[in-house]
Amino acid sequence: MWKRVYRSEMACLFNSMEALYLRLMKLNLPTSLKPGPGVVITGAFIGPGTVTLCLMAGVTSGVSLLWALLFSTFATILLQDMVVRLALQSQQTLETLILRQIKNPVIQWMMALFIFFAIIVGNSAYQSGNLAGTSLGISFIFPSWKMAWVSFFVALFCILVLLTSNSKAFKNMLGIMVLAMSLSFLAMAVFFCPNAIPLIKGLLLPTLEDGQLMLALGLVGTTVVPYNLFLHSSLVFNAPVADLPALRKEGAFSIFVGGLISMAIVIVGNKALGMAINNAADMAAVLQNAIGSWSLILLGIGLFAAGLSSALTAPMAAGSVASGLWNCFFRPQNKVNAGISVLVVMIGAYVAITQVNNLWVIKTAQVINGLLLPVFISFILWLLNDRSHMKSGRNTMLYNLGGFFVLLVSLALAIKTIISLIS
């Protein structure tokens, strides 16, 4: 009896959330508040891995590393804004622009293979974590449900959405997921919020204690994601209305909201400062003991939304990049995008359900992503200062300085990746 009541209450909660979102969309909101390519990027970089890492940061370091998330949020806004301008003004996707800048055919093929492995093979490996995170979030709300079956049905849902939904419906769905994450994590953050002084210090005074450097770089690395550069480029390139100012504002606002969600998760983790927390399940037990079962439901909703949004965007990014790479060398085929997207979901579902150890694939993809990020940023800066691609709207000195600083940080991330691989 109580299970039926519980499920009915949860269904009402999800329906209310959807109704709230649809009502917001009917309002005469500014363009920056309406879902566009930016909300897809936000849904992409806040996945189960980001949730877990932000929780760990809060547990081990409190709110002292919020500055790293603040920096990474503005770095992401800067890079994604550059990609938006580049895609619209050149009328080409990022992978096409990068490959066409390379004149040597051997190096061009090598770069294409690196991009293929980093984005497509990497996203296939990450997809298993996205599906597992979605299932874990559901298990917090419905403990009796089998996670393997949940992963199967979530994967099936992702395939149906990727094959049948149009661009507007997809963005609205991602908007609902971002709204769910915002409401759940921000509600817990407000409840757990520490005093204002340590919060302000953590945001505005960069400090690094022993052992915190790698964690700070990890927080930057989980926000500044290479495949989002390609995904945003493809979304803008295929946008029905090429309104540059509107796309820039929407992207900046959506990514800023994503940064706030990540910071909220750190604040939630701060509640368990110093405790033995190894994963999201341990965090759920701590929150449940601290304030009751409602925190478990909120964490479940947030983790479910984070997992599902990434489970939709990871294969979408892989498909769009695969299509772009194919079109650079062969006759364009519309089926490449859909085929690769479905393949990524199927590989992720197989690994999530069977629990096959794919750690070496994930590690290899992380290494290639980490090493290629400064290469991608260098290409973006080069292209945005190239008169042949940007007759107008080239980078200003301020944008170049900001981009160069982010490039230096990405080099630090690459070094961190090499060190972690060696160790």
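Exactly one residue among Thr42, Thr52, Thr93, Thr76 is buried (at least 19 other Cβ atoms within 10 Å of the Cβ), more than 23 Å from Gly324 (Cα to Cα) and either at pLDDT below 90 or in contact with a helix residue (DSSP H, G or I) (Cβ under 7 Å, 6 or more places away or on another chain) (or both), and that residue is Thr52. Region 46-148 holds helices (runs of 4 or more DSSP H) entirely within its bounds, and those carrying 2 or more residues that are under 30 Å from Phe192 (Cβ atoms), touching a residue at least 12 places away in the same chain (Cβ under 8 Å) and of a type in the set (Phe, Trp, Tyr) map to 66-90, 122-141.
Checked against the criterion of being more than 16 Å from the chain's Cα centre (by Cα) and surrounded by fewer than 24 Cβ atoms within 10 Å (Cβ to Cβ), region 224-236 has no qualifying residue. Counting only residues that are of a type outside the set (S, T, N, Q) and assigned to a loop (DSSP other than H, G, I, E, B), which one in region 368-406 is modelled with the highest pLDDT? Looking at the filtered set, the residue picked out is Asp386. Does region 223-233 contain at least one residue that is closer than 22 Å to Ala412 by Cα, assigned to a helix (DSSP H, G or I), of a type in the set (S, T, N, Q) and touching a residue at least 12 places away in the same chain (Cβ under 8 Å)? The answer is yes, given that some residue of region 223-233 is closer than 22 Å to Ala412 by Cα, assigned to a helix (DSSP H, G or I), of a type in the set (S, T, N, Q) and touching a residue at least 12 places away in the same chain (Cβ under 8 Å).
Does Ala311 satisfy the criteria of being part of a helix (DSSP H, G or I), surrounded by 15 or more Cβ atoms within 10 Å (Cβ to Cβ), at pLDDT below 85 and small (Gly, Ala, Ser)?
Details: part of a helix (DSSP H, G or I): yes; surrounded by 15 or more Cβ atoms within 10 Å (Cβ to Cβ): yes; at pLDDT below 85: no; small (Gly, Ala, Ser): yes.
So Ala311 does not fit the description; no.
Here the condition is being surrounded by 21 or more Cβ atoms within 10 Å (Cβ to Cβ), of a type outside the set (S, T, N, Q) and part of a helix (DSSP H, G or I); of Val161, Val154, it holds for Val154 alone.
Between a residue in region 178-197 that is under 14 Å from Gly43 (Cβ atoms) and among the hydrophobic types (A, V, I, L, M, F, W, C) and any residue that is part of a helix (DSSP H, G or I) and modelled with pLDDT under 85, which pairs come within a Cβ distance under 7 Å, given they are 6 or more apart or on different chains? Listed pairs, sorted by first residue: Leu179/Met17; Leu179/Tyr21; Ala180/Met17. Of all residues in region 198-216, exactly one satisfies the criterion of being touching a residue at least 60 places away in the same chain (Cβ under 8 Å) and of a type in the set (Asp, Glu), namely Glu209.
The values are calculated or read from the model by the stated rules, or taken from the named source; none is laboratory data. Since we're looking at a predicted model, the values are computed, not measured. Because the Cβ atoms are built from the backbone with ideal geometry, glycine has one as well, and the counts that use them run over all protein chains shown.
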